[in-house]
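For reference, the structure discussed in these notes is given below.
The values are calculated or read from the model by the stated rules, or taken from the named source; none is laboratory data. If you're wondering where the values come from, they're calculated on a predicted model, not measured in any experiment. Positions of Cβ are generated from backbone atoms using ideal geometry, with glycine treated the same way; all protein chains shown enter the neighbour counts. To get the accessible areas, we keep the full protein, side chains included, count just its heavy atoms, and leave off ligands, DNA and RNA. Shrake-Rupley method; radii C 1.70, N 1.55, O 1.52, S 1.80 Å.
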Amino acid sequence: MSLPTAVRNFLLASSTRQKSSRKPRWAPGAGPAVTPCRCLSPSDTPSPQDNTEYFLSSGDKIRFFFEKGVFDEKGNFLVPPEKSINKIDHALHAHDPVFKGATHSSKVQAVARSLGFHMPVVVQSMYIFKQPRIGGKVPAHQDATFLYTEPLGRLLGLWIALEDTTVENGCLWFIPGSHTSGVSRRMVRTPAGSMTGISIRGSDPAWDNSLYVPTEVGRGSLILIHGEVVHKSEQNLSDRSRHVYTFHLMEASGTVWSPENWLQPTAELPFPPLYT
């Protein structure tokens with residue numbers, strides 16, 4: 001697989017409703033106490049003011065990340081709390097039964113087998129809200145910038161639309177063929193005790209904005225995302241949210257997961273095998 005591929009009606013409407021209805025349990029005030037932490041976007045350079053430890057230790061947990069500009073200087077909400085969340089990640093696939101079942105479903109396993117995965121493992125998962133009017137843009141990036149493997153080409157994103165996605169509410173945009181150009185930018189962990197915990201190494205080329213193609217899909221559709229394909233999404237300026245569930249697989253056979261990646265398996269949660 002080289003280009004982003006959309007599989008229409010991958011999930012039934014009843015299944016997408018079940019996953020969408022799952023998220024209010026984690027809304028502020030309805031679930032565990034949370035620490036305000038803004039969502040780091042692919043274009044961000046971390047600063048000492050960011051709560052990067054909360055981010056760096058989230059790989060084996062379920063944690064909340066908020067949109068930019070939703071708190072005042074005292075940490076109070078400037079928008080309704082239920083509209084403030086950017087995403088919930090990174091271990092829904094391990095700790096929540098609904099998303100664990102979706103990740104390891106027979107349909108997902110069949111997709112992985114059809115693509116030639118022999119020993120796929122799940123490295124992370126996210127529920128992304130793309131809130132109406134304030135859902136932030138995600139700048140152009142390659143997933144392998146953050147989830148680097150040797151050799152390249154062993155990472156696959158599975159992006160499941162829980163609501164219709166359109167240009168107006170922030171659908172994905174891709175540059176076809178961009179998976180062949182390698183990866184020139186990395187987000188890596190810095191040595192223990194450093195100011196920010198993560199740093200950016202290298203830089204992205206100036207991708208031609210005219211090359212992007214929008215990928216509008218209906219609720220229940222699956223988009224398969226090559227780890228090196230360039231993609232982005234714009235701010236949601238509509239009155240409709242754009243909820244998705246997404247997770248990443250890595251072919252573990254013959255692959256080295258970079259020890260510099262921000263996300264690392266832990267003793268509590270090694271990367272779980274997809275096949276059950």
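Among the residues of segment 86-140, those identified as on the phi > 0 side of the Ramachandran plot and either open to solvent by 50 Å² or more (accessible area, probe 1.4 Å) or free of Cβ contacts under 8 Å to residues at least 12 places away in the same chain (or both) are 116, 133. In summary, residue 197 fulfils each of the numbered conditions (1) modelled with pLDDT of 95 or more; (2) at positive phi with the single exception of condition (1). Screening residue 244 on (1) in contact with a strand residue (DSSP E or B) (Cβ under 7 Å, 6 or more places away or on another chain); (2) over 26 Å from residue 120 (Cβ atoms); (3) modelled with pLDDT of 95 or more shows it passes everything except condition (2).
Can you give me the number of residues within segment 67-99 that are closer than 21 Å to residue 161 by Cβ and out of contact with any Pro (no Cβ under 9 Å at 6 or more places or on another chain)?
10
Checked against (1) farther than 19 Å from residue 140 by Cβ; (2) touching a Phe, Trp or Tyr at 6+ places or on another chain (Cβ under 7 Å), residue 173 passes all but condition (1). Criterion applied to 14, 20 was being modelled with pLDDT of 50 or more, open to solvent by less than 30 Å² (accessible area, probe 1.4 Å) and of a type in the set (Gly, Ala, Ser), and the one residue passing it is 20. Among the residues of segment 62-85, the ones that are surrounded by 16 or more Cβ atoms within 10 Å (Cβ to Cβ) and under 19 Å from the mean Cα position of the chain (by Cα) come to 9 in all.
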